[in-house]
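The values are calculated or read from the model by the stated rules, or taken from the named source; none is laboratory data. Fair warning: this is a prediction, and the values are worked out from it, not measured in the lab. When we count neighbours, we look across all protein chains shown, and the Cβ atoms used for this are built from the backbone with ideal geometry, even at glycine. Surface accessibility is based on the protein's heavy atoms, side chains included, excluding ligands, DNA and RNA. Shrake-Rupley method; radii C 1.70, N 1.55, O 1.52, S 1.80 Å.
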Amino acid sequence: MKTLQLKRGCCVPTQYSINQACKTTSRCRVGRSQGRLVRQTHGKSTYHGRLHERSPINATSGHSIGSEPPEAYDSTNTWKSILSSFDAFYRFSRPHTVIGTTISIFSVSLLAIKDLSDISPLFVTGLLKQAVVAALFMNVYIVGLNQLFDIEIDKVNKPYLPLASGEYSVTTGIAIVSAFAVMSFCVGWVVGSWPLFWALFISFILGTAYSINIPFLRWKRFAVVAAFCILAVRAVIVQLAFFLHMQTFVFNRPANFSRPLIFATAFMSFFSVVIALFKDIPDIDGDRIFGIQSFSVRLGQMRVFWICVYLLEMAYSVAMVIGATSSCLWSKFVTVLGHAILASVLWNRARSLDLMSKAAITSFYMFVWKLFYAEYLLIPLVR
């Protein structure tokens, strides 16, 4: 019988001995041929690739002895991770403000339309690719910056937000708000519309002054100034600047402050004050602890709540009067009936609210935002 020859510490079977060796062991001996490990079985060779020359190979599995096979790719965990990241960013962007910004720009842009021929690819581009995209980028910057400087307050008031819960680090938050601010200004600059650029710039200044904690700023500490910031952006900048963007830049027409535009600006001034007052009602605990002198802290939740309700009811009453004076029959019918329904729904829900429940107050605040959305559906119908 021929013996097994040794080469560089590895046993190399001859053609005769391979059958005998395989009968007495479950492993096939391994040799090296031209830099690759070779498993020789009945005269055939199988290449395993380049491995360490002293590592024994399991003839059955092809894995190194003592090692575990690689885990299978789990697509379920990948999707869970993606959905979790999306959910965190969704909460970080404060979706109710994103929806409000989008609907308001759509509504105001429709006021620039004179006839159906204006609804064209030019209009869609000016609205979606220019105004809405730039505004939403700036919206994420503003709400994200506020969260960066309110982490400790939000741990009390809104522990579900990503920075307060620890899902996002401060570094991640800074990276997001910085990126979105830059992207917003880049869109405004590339578009070349001065009304759009000034809308972004003024929103950036007021949003930064509202939140950032440096001397003479952090205006959210002062109730009147905080309300002014929200009113200026929601009631004035959105109405006038985005209307002028569509009117003068997209349609290349002279500026024209129409009756519906004046109504929208006046009505949303009331609504913006209500939002500025109401948003602090559910947050009274954290604001009181950290020295934020909101109207809710100074006057009490119940008093501020009913001030907000009465302001909105007054605004709806004025809207019905303006609608009744319209010379357009269908506009008169829709605006009077629509505002009457919204006023009635608001009053009935306010009367049944449990002001001792924070969850109920927060739910009512979200209901106020729905009224905000509904008003922007009515504004284009005012004639």
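For the reader, a short list of remarks on this structure follows.
- When segment 120-159 is filtered for residues that are over 23 Å from S184 (Cα atoms) and of a type in the set (S, T, N, Q), the ones remaining, listed by number, are S120, N157.
- Count of residues meeting criterion [not basic (K, R) and not in a helix (DSSP H, G or I)] in segment 216-235: 3
- The selection criterion, being among the small types (G, A, S) and free of Cβ contacts under 8 Å to residues at least 60 places away in the same chain, holds for S184.
- Some residue of segment 63-71 being assigned to a helix (DSSP H, G or I) and either at pLDDT below 90 or under 30 Å from L163 (Cα atoms) (or both): no
- Residue count for segment 103-155 under the criterion of being without any contact (Cβ under 8 Å) to a residue 60 or more places away in the chain and in contact with a Lys or Arg (Cβ under 9 Å, 6 or more places away or on another chain): the result is 6.
- Total residues in segment 272-296, condition aliphatic (A, V, I, L, M) and over 15 Å from V225 (Cα atoms): 3
- Boolean, Y168 is at negative phi, modelled with pLDDT of 95 or more, in a loop (DSSP other than H, G, I, E, B) and aromatic (F, W, Y): yes
- Residue selected from segment 131-158 under the condition part of a helix (DSSP H, G or I) and of a type in the set (D, E), by the criterion surrounded by the fewest Cβ atoms within 10 Å (Cβ to Cβ): E152
- Hey, A350 in contact with a Phe, Trp or Tyr (Cβ under 8 Å, 6 or more places away or on another chain) and under 27 Å from P159 (Cα atoms) or not: yes
- Any hit, segment 78-99, residues being among the hydrophobic types (A, V, I, L, M, F, W, C), loosely packed, with under 14 Cβ neighbours inside 10 Å and either in a loop (DSSP other than H, G, I, E, B) or at pLDDT below 85 (or both): no
- Qualifying positions in segment 105-130 - part of a helix (DSSP H, G or I), open to solvent by less than 30 Å² (accessible area, probe 1.4 Å) and within 17 Å of A264 (Cα to Cα): I105, S107, V108, S109
- Within segment 285-326, the set of residues being free of Cβ contacts under 8 Å to residues at least 24 places away in the same chain, open to solvent by 60 Å² or more (accessible area, probe 1.4 Å), in a helix (DSSP H, G or I) and over 24 Å from R349 (Cα atoms) comprises just one member, R288.
- In segment 338-367, the residues that are open to solvent by 20 Å² or more (accessible area, probe 1.4 Å) and either among the β-branched types (V, I, T) or not in a helix (DSSP H, G or I) (or both): I341, V345, S352, L353, D354, L355, M356, S357, T362
- Residue count for segment 218-228, restricted to those that are free of Cβ contacts under 8 Å to residues at least 40 places away in the same chain and within 12 Å of I142 (Cβ to Cβ): 0
- Residue that is nearest to the chain's Cα centre (by Cα), among those in segment 178-218 that are open to solvent by 50 Å² or more (accessible area, probe 1.4 Å) and not hydrophobic (A, V, I, L, M, F, W, C): S178
- Taken residue by residue, segment 239-251 has no member that is touching a Phe, Trp or Tyr at 6+ places or on another chain (Cβ under 6 Å) and among the hydroxyl-bearing types (S, T, Y).
- Count of segment 258-284 residues, restricted to those that are in a helix (DSSP H, G or I) and closer than 30 Å to K155 by Cα, is 9.
- Considering (1) surrounded by fewer than 19 Cβ atoms within 10 Å (Cβ to Cβ); (2) within 30 Å of L196 (Cβ to Cβ); (3) at pLDDT 90 or above, the lone condition that A276 does not fulfil carries the number (1).
- Among the residues examined, K370 qualifies as under 32 Å from the mean Cα position of the chain (by Cα), open to solvent by 20 Å² or more (accessible area, probe 1.4 Å) and at pLDDT 95 or above.
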